[in-house]
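Engineer: What follows is a single structure, and I will ask about it in a moment.
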Amino acid sequence: MQKSLHIDPGKCTGCLQCEMACSYEHTGTFNPSRSYIKVFTFHHEGRFAPYTCTQCDEAWCMRACPVDAISVDMATGAKVVSDDKCVGCKVCTIACPFGTINYSQATGKVVKCDLCGGDPQCAAACPTSAITYVDADWTGYDRMMASAAKSLPSAEATA
Amino acid sequence: MSWTRNVLRVDLSKGSCTSEPLNMEWAKLYLGQRGLASKYLSEEVDPKCDPLGPENKFIMTTGPLTGTMASTSGRYSCVTKGPLTGAIACSNSGGYFGAELKNAGWDMIIFEGKSDKPVYLLLQDDKAELRDATHLWGKTAWETDDIIHATHQEPQMRIATIGRTAENGCLYAAVINDKHRAAGRSGVGTVMASKNLKAVAVRGTQGIGNVEDANAFMQATNDGKAVLAENAVTGQGLPAFGTQVLMNVINGIGGLPARNMRDVGFEGAEHISAEAMAEPRASDGKPNLTTNAACFGCTIACGRISTVDPTHFSVKDKPQYQGASGGLEYEAAWALGADTGVDDLDALTYVNFLCNEDGMDPITYGATVAAAMEMFEDGNITTEHTGGIELTFGNAEAFVAITEQFCQGGTFAEDLGLGSKRLTEKYGRPELSMTVKGQEFPAYDPRGIQGIGLNYATSNRGACHLRGYTIASEVLGIPVKTELNDTDGKPELVKAFQDATALVDSSGLCIFTTFAWGMDNIAPQIDAACEGDWSVENCLEVGERVWNMERLFNEAAGFTADDDKLPKRLLEEAIKDGPTKGQVNRLGEMLPKYYEVRGWTADGKIPEETRKRLSL
Amino acid sequence: MQHLIIGAGPAGVVAAETLRKADPDADIAIIGDEPEPPYSRMAIPYYLIDNIDESGTYLRDPKQHFASLDIEVVQQRVDKIDTTGKTVALADGSSRSYDKLLLATGSHPVSPPIPGLDLPQVHSCWTLADARNIIKLAQSGSNVVLIGAGFIGCIILEALVRRGVNLAVIEMGNRMVPRMLDEKAGGLLETWCKNKGIDVHTSCSVDGISDAGDGQVEVSLSDGGKLNAALVITATGVRANTDLVEGSDIKVDQGILVDRRMQTSNADVYAAGDVAQGVDFSTGNFEVQAIQPTATDHGRIAALNMAGQGDEHHGTLNMNVLDTVGLVSCSFGLWMGVDGGDSAELYNPDEFQYISLQFDGNTLVGASSVGKTQHVGVLRGLIESKIDLSDWKDRLMADPTAIMEAYVGSTQELGYS
């Protein structure tokens, strides 16, 4: 069964170990500014919410890419950017309604979560199990994605 | 190597920012952060200088582990000569600022001179510039944080700033970062204000990629995290209850001072405890505690995020204080609560918000108000001084009112900003100042707990639990239980805690890890990250070296053995009741032995041979 | 079932792929008239700076992609469509019949009415062939005049600067990219470009171009100025390629008129991409957007409807992202705002930063930004999903940079355990 990241914001303490782990995996440095997962802080509410690509079926980024630089990793279902093909045109960054594919000044390419090839380091580093990597059925992501898709009119054509 | 090897030197008089290489010879002797910055300060600043004069320097510094995946790697320190004490000051803070500074590529920023107008430092990776802060002067720390964020449109920018109290001359003003983390003690924020430096805003995107042995580092830090997770204090107690877990514990053993340390034992303790913070309140069914929160990299997450009851008198008509923000930690709850006799949790949480918003050390602030309250009750201070406020022990309304007045620079603000030593001297009651070297005690009574008294008396920055937290041993049995009222073995215990703490404070890690970690957990993490020998033995020696260097700074500043003392109240006024009834602190039994185990002379001087042994 | 697609750009290619998924047994063919395999104009600027070679502009790997999907790619010009006989006549004299036809013929650059445009030094920048000409003439140190600082003009600016030319830009509007950014944002781009050494003339047009000898031309400006140039590039907008349907029963306005299923006035003919005048999400009007994301959305929706599986389309959001010599800007939907709606704005010209949010009641209907690259897509999410931002609007009015927090806070359960 395919697995996906499950995020429970209620358990997040804002420690950013996930951001460090992600950046370490992808750049070899501890560098939250280059993490593909981002913890958002809700100061007024006293809440934290880790957030990254849900690898949605719609794959808005992949469809919008003019040069076929984004493809599906058949093993994990992740939508993966090929650095060789990405020209850095940024069309995907406005096409993704979740804001989870972003342009990196450092590389001149776009970057996004690739599930670390099936062993997501953010989940491994999370001390409170706010981020886990579980069977897709458990995640509630289907529900979230369905509701997101429903609220996005241009997605309805696939319904 | 994990140091960035870059020091940013900011000459505020000239308005220049220059980069220079880190002195690696010193780094090998003093590691980083507290130790290394104190070395820089010792070398560059005349210990006799006016702490608020342009000749003093103000250093913001990270450690080699700051910003790495080691647990609790979010620490930075502010090092300077402190205005409250005249001694070397080093205040440590968490949050996200320190890691951001490291990510921007800097081990330390040395501020020198004095700007002729208010400025803030804008630091974006290797781009450093001083910006005009005239529009920020007079703003609170929270307002300043919001304005700078809005100006630069960078939500990820991290900001350390002073509030209004520092500008108003309060001698114990803190540096507030990330809105509710504080480099709190000894008036480091006041030094910033004296230099017309309002804030430091940092965005770092360079990353830390130069750990010495990456595989060994990931192994050592993972091992360390597992130890923290499995430990009852760091794995369960601190995340669930925060440091406030101690309120009922310390009160129960007869170690909780109350009402300017006139009493020991506080009848209202349970109303302001961790347990009370978790209790749903009548008005909105929510508890005071919203969530626990971590500083950068921390897998413990002891931080408190709280709300004040929206119907409480303190915030009723102030929606801006009805959201969640930094809640009460144990020391603040004690100083603002037990020491003032106020047991109104919401009032204390609100005052704590104000301490964060306007940047004052809640320990010294609470204890100074407590001294004022005692003098008010004794008639030395009257409503004429306070602007009509009935400043009696236990009066929550008065406490809230005087705090608001203080933050705004009102009638009694100048007096309260002096700290209890100068305040009690001014009103003719110096014996009522509960301080060592001019700095107020934290929340453990040295009459009930002997070792902590010796630690307070000898602490290089004035009374402070964070210079040698013997409570771990004396109360919690970590690493071994020692008896509260014993003095035997306490000098050795104090020295061991002081030296180990100095090392941890020099690494970038948080001292709270040492509830679970020993040096054999810490040294391998440093050793894997840094070039050079970072064995347990060497780490302990570095800690001892740092302690002795600080002492030498103070000695040159004019401090002597005569300053290693506790107020008379703690030595002579026995505890009136409770489990520790009849006890006083027996400092005299411990101090000579302490000097001996430190290799100092009988009058507390560091002799040549000890200096030599420690390469000082 | 015979599906025929005219046009090998993004709309046509996505349509073919979608059709293959939706109708595994159908015959699918794409007819394109350019000599190269299907490629993307979006990639041309990167080709101009030698970041990629020509094959880097290809929409798909031409060697195996289309064959593996059993999609026939025909390189031919289409001469005529017979909607009655349901056939298409090709330039080589052959013809193809169809059951369903998709017109994805794209657009072409419009030439401004300027004398001298036929000089050999004057080129548009639209096709790979144009790009090759530009590379040839835009040599380091030579003078280049770009007419039009619209979207296309701006994306090739960097390519020209990096090639080391002395560049002048002439824009008729009072600011750069007037159809995508407001005056503040457009002004930031202008200052930015000037700081990079580009000679920007706004509220200025070209009166004429004449041969100046030595391979040079002289460009006369409406403000009286004259510029010498080795190369003049025109980038003054595009128009839908509707020639093929002229005289047929397929109705045309600015582009080919389609309904919410991308169906034209002829039930068996669909249109998609730059040529199609489809429904706009924000206004509900039918407009030609001529942008990449709309082309692929059109292609997909048209294909699903051609295969009988589609639904009514709620409209594509007009949006653009632009990298102008390193300064990234973007705009979405009704970025100019709506009557009676609130707007939130942060403008920081010193840092070349700008963000503007446009609300209609408590929903976001438009946005634009300069200098922001992280999480910009969420602006689309907020607009298209019409999220009720009543809990967030006050905060966004005070701090419009908190858009991601607003989105995450509005869509995620921020539970507490």
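The values are calculated or read from the model by the stated rules, or taken from the named source; none is laboratory data. Computed from a predicted structure; not experimentally measured. Ideal geometry is used to build each Cβ from the backbone, glycine not excepted, and the neighbour counts take in all protein chains shown.
Engineer: Report whether or not B:E384 is under 22 Å from B:L256 (Cα atoms) and not assigned by TED's automatic domain parsing to the domain that holds B:A182. Before you say what the answer is, go through the steps one by one.
Structural biologist: On the way: under 22 Å from B:L256 (Cα atoms): no; not assigned by TED's automatic domain parsing to the domain that holds B:A182: yes.
So B:E384 does not fit the description; no.
Engineer: Which members of region B:295-312 meet the condition of being in contact (Cβ under 8 Å) with a residue 24 or more places away in the chain and either within 7 Å of chain A (Cβ to nearest Cβ) or in a strand (DSSP E or B) (or both)?
Structural biologist: B:F296, B:G297, B:C298, B:T299, B:A301, B:G303, B:R304, B:S306
Matching residues to (1) part of a loop (DSSP other than H, G, I, E, B); (2) of a type in the set (G, A, S):
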{"position": "C:V279", "(1), (2)": "no, no"}
{"position": "C:A303", "(1), (2)": "no, yes"}
{"position": "C:G310", "(1), (2)": "yes, yes"}
{"position": "C:N320", "(1), (2)": "no, no"}
{"position": "C:S329", "(1), (2)": "no, yes"}
{"position": "C:W335", "(1), (2)": "yes, no"}
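Engineer: Consider C:V288 carefully, then state whether it is in contact with a helix residue (DSSP H, G or I) (Cβ under 8 Å, 6 or more places away or on another chain), surrounded by fewer than 23 Cβ atoms within 10 Å (Cβ to Cβ) and aliphatic (A, V, I, L, M).
Structural biologist: Numbers: in contact with a helix residue (DSSP H, G or I) (Cβ under 8 Å, 6 or more places away or on another chain): yes; surrounded by fewer than 23 Cβ atoms within 10 Å (Cβ to Cβ): yes; aliphatic (A, V, I, L, M): yes.
Yes, satisfied.
Engineer: Answer with yes or no whether B:R598 is closer than 25 Å to B:R461 by Cβ, basic (K, R) and under 26 Å from the mean Cα position of the chain (by Cα).
Structural biologist: yes
Engineer: Can you name the number of the only condition in (1) touching a Pro at 6+ places or on another chain (Cβ under 7 Å); (2) within 14 Å of chain A (Cβ to nearest Cβ) that B:T190 fails?
Structural biologist: (2)
Engineer: Spot the failing condition for C:D391; the list is (1) assigned to a loop (DSSP other than H, G, I, E, B); (2) touching a helix residue (DSSP H, G or I) at 6+ places or on another chain (Cβ under 6 Å); (3) on the phi < 0 side of the Ramachandran plot, and only one is missed.
Structural biologist: Only one criterion in (1) assigned to a loop (DSSP other than H, G, I, E, B); (2) touching a helix residue (DSSP H, G or I) at 6+ places or on another chain (Cβ under 6 Å); (3) on the phi < 0 side of the Ramachandran plot is unmet by C:D391, namely (2).
Engineer: Of the numbered conditions (1) in contact (Cβ under 8 Å) with a residue 60 or more places away in the chain; (2) closer than 19 Å to B:R569 by Cβ; (3) polar (S, T, N, Q); (4) surrounded by fewer than 24 Cβ atoms within 10 Å (Cβ to Cβ), B:N380 satisfies every one except a single condition; which is it?
Structural biologist: (1)
Engineer: Using the structure shown, decide if A:P97 is within 13 Å of the chain's Cα centre (by Cα), buried (at least 23 other Cβ atoms within 10 Å of the Cβ) and within 11 Å of another protein chain (Cβ to nearest Cβ).
Structural biologist: Working: within 13 Å of the chain's Cα centre (by Cα): yes; buried (at least 23 other Cβ atoms within 10 Å of the Cβ): yes; within 11 Å of another protein chain (Cβ to nearest Cβ): yes.
So A:P97 fits the description; yes.
Engineer: Could you list, in sequence order, the residues of region B:500-524 that are surrounded by fewer than 21 Cβ atoms within 10 Å (Cβ to Cβ) and not in a helix (DSSP H, G or I)?
Structural biologist: Within region B:500-524, B:G518 is the sole residue that qualifies.
Engineer: Against the condition within 26 Å of the chain's Cα centre (by Cα), part of a helix (DSSP H, G or I), among the aliphatic types (A, V, I, L, M) and surrounded by 13 or more Cβ atoms within 10 Å (Cβ to Cβ), how does B:L566 come out, does it pass? Working first, answer last.
Structural biologist: Values: within 26 Å of the chain's Cα centre (by Cα): yes; part of a helix (DSSP H, G or I): no; among the aliphatic types (A, V, I, L, M): yes; surrounded by 13 or more Cβ atoms within 10 Å (Cβ to Cβ): yes.
No: the conditions fail for B:L566.
Engineer: At pLDDT below 95 and over 27 Å from C:M180 (Cβ atoms), is that true of A:D114?
Structural biologist: Values: at pLDDT below 95: no; over 27 Å from C:M180 (Cβ atoms): yes.
It is false that A:D114 is at pLDDT below 95 and over 27 Å from C:M180 (Cβ atoms).
Matching residues to (1) surrounded by fewer than 21 Cβ atoms within 10 Å (Cβ to Cβ); (2) in the same structural domain as B:I109 (by TED's automatic domain parsing); (3) not β-branched (V, I, T):
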| residue | (1), (2), (3) |
| --- | --- |
| B:E143 | yes, yes, yes |
| B:I162 | no, yes, no |
| B:E167 | no, yes, yes |
| B:G187 | no, yes, yes |
| B:V191 | no, yes, no |
| B:M218 | yes, no, yes |
| B:D223 | yes, no, yes |
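Engineer: Mind telling me which of the residues C:I30, C:I81 ends up being in contact with a Pro (Cβ under 9 Å, 6 or more places away or on another chain), part of a strand (DSSP E or B) and not charged (D, E, K, R)? Before you say what the answer is, go through the steps one by one.
Structural biologist: Numbers: C:I81 fails: in contact with a Pro (Cβ under 9 Å, 6 or more places away or on another chain).
Of the residues listed, the single one that is in contact with a Pro (Cβ under 9 Å, 6 or more places away or on another chain), part of a strand (DSSP E or B) and not charged (D, E, K, R) is C:I30.
Engineer: Please state which one of C:S343, C:S329, C:S369, C:S356 is more than 26 Å from A:G88 (Cα to Cα), among the hydroxyl-bearing types (S, T, Y) and not assigned by TED's automatic domain parsing to the domain that holds C:A267. Even if it seems obvious, please write down each step before you answer.
Structural biologist: Details: C:S329 fails: more than 26 Å from A:G88 (Cα to Cα); C:S369 fails: more than 26 Å from A:G88 (Cα to Cα); C:S356 fails: more than 26 Å from A:G88 (Cα to Cα).
Sole residue among the options that is more than 26 Å from A:G88 (Cα to Cα), among the hydroxyl-bearing types (S, T, Y) and not assigned by TED's automatic domain parsing to the domain that holds C:A267: C:S343.
Engineer: So is C:G341 at positive phi and either more than 9 Å from chain A (Cβ to nearest Cβ) or at pLDDT below 95 (or both) or not? Spell out how you get there, then give the answer.
Structural biologist: Details: at positive phi: no; either more than 9 Å from chain A (Cβ to nearest Cβ) or at pLDDT below 95 (or both): yes.
For C:G341, the condition - at positive phi and either more than 9 Å from chain A (Cβ to nearest Cβ) or at pLDDT below 95 (or both) - is not met.
Engineer: Give me the strands (runs of 3 or more DSSP E) completely within region B:17-135, filtered to those with at least 1 residues that are among the hydroxyl-bearing types (S, T, Y), over 17 Å from the mean Cα position of the chain (by Cα) and over 22 Å from A:R34 (Cβ atoms), ordered by residue number. Quick ask: steps written out before the conclusion?
Structural biologist: On the way: elements: B:58-62, B:76-81, B:88-93, B:108-112, B:119-124, B:127-132.
Passing ranges, in order: B:119-124.
Engineer: Only one of A:C92, A:C122 is crowded, with 18+ Cβ neighbours inside 10 Å, in a helix (DSSP H, G or I), modelled with pLDDT of 95 or more and more than 14 Å from chain C (Cβ to nearest Cβ). Can you tell me which?
Structural biologist: Details: A:C92 fails: more than 14 Å from chain C (Cβ to nearest Cβ).
Only one candidate qualifies: A:C122.
Engineer: In addition: Across region B:197-239, which residue is nearest to the other protein chains (Cβ to nearest Cβ) among those that are assigned to a strand (DSSP E or B) and out of contact with any Asp or Glu (no Cβ under 9 Å at 6 or more places or on another chain)? Outline the logic, then answer.
Structural biologist: Residues of region B:197-239 assigned to a strand (DSSP E or B): B:197-203, B:208.
If we keep only those that are out of contact with any Asp or Glu (no Cβ under 9 Å at 6 or more places or on another chain) too, we end up with B:197, B:200, B:208.
Values: B:L197: 21, B:V200: 18, B:I208: 5 Å.
Filtering region B:197-239 for residues that are assigned to a strand (DSSP E or B) and out of contact with any Asp or Glu (no Cβ under 9 Å at 6 or more places or on another chain), the one nearest to the other protein chains (Cβ to nearest Cβ) comes out as B:I208.
Engineer: For region C:87-106, which residues satisfy the criterion of being part of a strand (DSSP E or B) and more than 18 Å from C:V13 (Cα to Cα)?
Structural biologist: Correct list: C:T87, C:V88, C:A89, C:L90, C:S95, C:R96, C:S97.
Engineer: Among the candidates B:K426, B:K437, single out the residue that is within 17 Å of the chain's Cα centre (by Cα) and not hydrophobic (A, V, I, L, M, F, W, C).
Structural biologist: Numbers: B:K426 fails: within 17 Å of the chain's Cα centre (by Cα).
Step by step, each of B:K426, B:K437 is checked, and only B:K437 is within 17 Å of the chain's Cα centre (by Cα) and not hydrophobic (A, V, I, L, M, F, W, C).
Engineer: Any idea which of C:L346, C:L396 is closer than 23 Å to B:I147 by Cβ and facing another protein chain (nearest Cβ under 10 Å)? Write out each step before concluding.
Structural biologist: Values: C:L396 fails: facing another protein chain (nearest Cβ under 10 Å).
When all the criteria are applied, what remains is C:L346.
Engineer: Could you list, ordered by first residue, the pairs with Cβ atoms under 6 Å in which the first is in region A:7-24 and closer than 13 Å to B:A293 by Cβ and within 7 Å of another protein chain (Cβ to nearest Cβ) and the second is assigned to a loop (DSSP other than H, G, I, E, B) and aromatic (F, W, Y), at least 6 apart or interchain?
Structural biologist: Note: pairs meeting the criteria are A:G10/C:Y416; A:L16/B:F296.
Engineer: Can I ask one more? C:V74 fails exactly one of the following numbered conditions: (1) outside any loop (DSSP other than H, G, I, E, B); (2) within 11 Å of chain A (Cβ to nearest Cβ); (3) out of contact with any helix residue (DSSP H, G or I) (no Cβ under 8 Å at 6 or more places or on another chain). What is the number of that condition?
Structural biologist: Result: C:V74 fails condition (2) only.
Engineer: Among the numbered criteria (1) among the hydrophobic types (A, V, I, L, M, F, W, C); (2) in a helix (DSSP H, G or I); (3) farther than 26 Å from B:Y469 by Cα, which single criterion is violated by B:A333?
Structural biologist: Of everything listed in (1) among the hydrophobic types (A, V, I, L, M, F, W, C); (2) in a helix (DSSP H, G or I); (3) farther than 26 Å from B:Y469 by Cα, B:A333 misses just condition (3).
Engineer: Being part of a loop (DSSP other than H, G, I, E, B) and buried (at least 24 other Cβ atoms within 10 Å of the Cβ) is the filter; apply it to region C:372-388 and report the residue that is farthest from the other protein chains (Cβ to nearest Cβ). Full working, then the answer.
Structural biologist: Quick first cut of region C:372-388, residues part of a loop (DSSP other than H, G, I, E, B) only: C:372-376, C:385-388.
Remaining after also requiring buried (at least 24 other Cβ atoms within 10 Å of the Cβ): C:375-376.
On the way: C:H375: 4, C:V376: 6 Å.
This residue is C:V376.
Engineer: A further question follows. List the pairs whose first member sits in region C:309-321 and is more than 7 Å from chain A (Cβ to nearest Cβ) and without any contact (Cβ under 8 Å) to a residue 60 or more places away in the chain, whose second member is in a loop (DSSP other than H, G, I, E, B) and of a type outside the set (V, I, T), and whose Cβ atoms are under 6 Å apart, counting only residues at least 6 apart or on separate chains?
Structural biologist: Going by the 6 Å Cβ cut-off, the qualifying pairs are C:E312/C:R260; C:N318/C:Q289.
Engineer: Which count do you get for residues in region C:1-59 that are without any contact (Cβ under 8 Å) to a residue 60 or more places away in the chain and hydrophobic (A, V, I, L, M, F, W, C)?
Structural biologist: Within region C:1-59, residues that are without any contact (Cβ under 8 Å) to a residue 60 or more places away in the chain and hydrophobic (A, V, I, L, M, F, W, C) number 5.
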